[in-house]
Structures are given as structure tokens and as C-alpha cells.
Amino acid sequence: MENWQFKLLYDGQFPMCRREANWLRRRSRDGRLVFEDISAPGFDASRYGLTNAQVLGVMHGVFPDGRIVTKVEAFRQAYQLVGLGWLLAPTRWPLLRNLADWGYEWFARNRVTIGRWFGGGKPCADGHCAVAADKK
């Protein structure tokens, strides 16, 4: 998969993240969108100039040139590559962009609880996917 155009860093220990990654993976048949599980043994956030707390706190995406995007922009890039960019296109609009990022930040802080609401059951092994308390 040397011709990838975007890499989504996801938490494979958290059921909702794992489901989303699997759903996108099934739609990424051409290899332009690839995935890296931040909970996998050997994952090293410093390879991207990040800390583990940062990658656990919000969704990150990486371009081949090393540029990193976060939050809803990471999803916009991923959805665009699988032909579903229209679903998140309104979140690019000036007023909705900030609202979408704020909503995502709220979701990220509360994702374990939200996962339980939607039948996520046991949310994480060893508390790995708990969002770090420290902010930027």
C-alpha cells in the first residue's frame, strides 16, 4: 500500500472507533485510505511528532508528506477518499465548521460513556481508550 493518500489513526480498543474504521476500510478498495491502530503493540505516536495523550484525545489523520489534521477534518478527508465526502461537506461551511469541531470535541471527551449508551458494553481494555485529561 505504497500509494496511500491519507492515513487515519484510530483506537482499535474502543468499539465505536473500531466499527467506524472497519466501515471505512470496507469502502476503501483502492488503497488510498489506510488505517493505523494506535492501540497496536509497537505504535509510536512520536513518529508523527505527537504524544500518546494527543492521539488518544481526538481523531488524527496523516498525509504522506507528514501533514496532520485532527477532529472532523480527519473524517472529512477519509470520507472524501471513499466517495462519501458529500456527507460531511456541510461541516466545511464557516458556521458549521466550528460547531462540528466543538461537537466532536465534546464527543471525544465523552466517548466512553456515549459508547455505553449505544451498547458498546465493556468500552476498553485496561482503560486504554479513556481520553487524557490534559489539553493542549
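Filter region 122-136 down to the residues that are outside any helix (DSSP H, G or I) and under 16 Å from Gln13 (Cα atoms), then identify the one that is modelled with the lowest pLDDT.
Taking the candidates together, the pick is Ala132.
If you check every pair at least six apart or on different chains, which have Cβ atoms under 7 Å apart with a residue in region 100-121 that is at pLDDT below 85 and of a type outside the set (Phe, Trp, Tyr) first and a residue that is surrounded by 11 or more Cβ atoms within 10 Å (Cβ to Cβ) and part of a helix (DSSP H, G or I) second?
The qualifying pairs are Ala108/Gly57; Arg111/Met16; Ile114/Phe107; Gly115/Pro15; Gly115/Met16; Gly120/Pro15; Gly120/Met16.
Hey, does region 16-35 have a residue that's at pLDDT below 95, assigned to a helix (DSSP H, G or I) and farther than 19 Å from Tyr79 by Cα?
no
Quick check on this structure: which one of Asp65, Asp37, Asp30, Asp101 is under 15 Å from Asp11 (Cα atoms) and of a type in the set (D, E, K, R)? Full working, then the answer.
On the way: Asp65 fails: under 15 Å from Asp11 (Cα atoms); Asp30 fails: under 15 Å from Asp11 (Cα atoms); Asp101 fails: under 15 Å from Asp11 (Cα atoms).
Just a single option satisfies the conditions, and that option is Asp37.
I need every pair where a residue in region 55-66 that is under 18 Å from Trp102 (Cβ atoms) has its Cβ under 6 Å from the Cβ of a residue that is modelled with pLDDT under 95 and assigned to a loop (DSSP other than H, G, I, E, B), sequence separation at least 6 or different chains.
Gly57/Val131; Gly57/Ala132
The values are calculated or read from the model by the stated rules, or taken from the named source; none is laboratory data. Everything numeric here is computed off the predicted structure, so don't read it as measured data. FYI the Cβ positions are ideal-geometry reconstructions off the backbone, even for glycines, and counts take in every protein chain you see.
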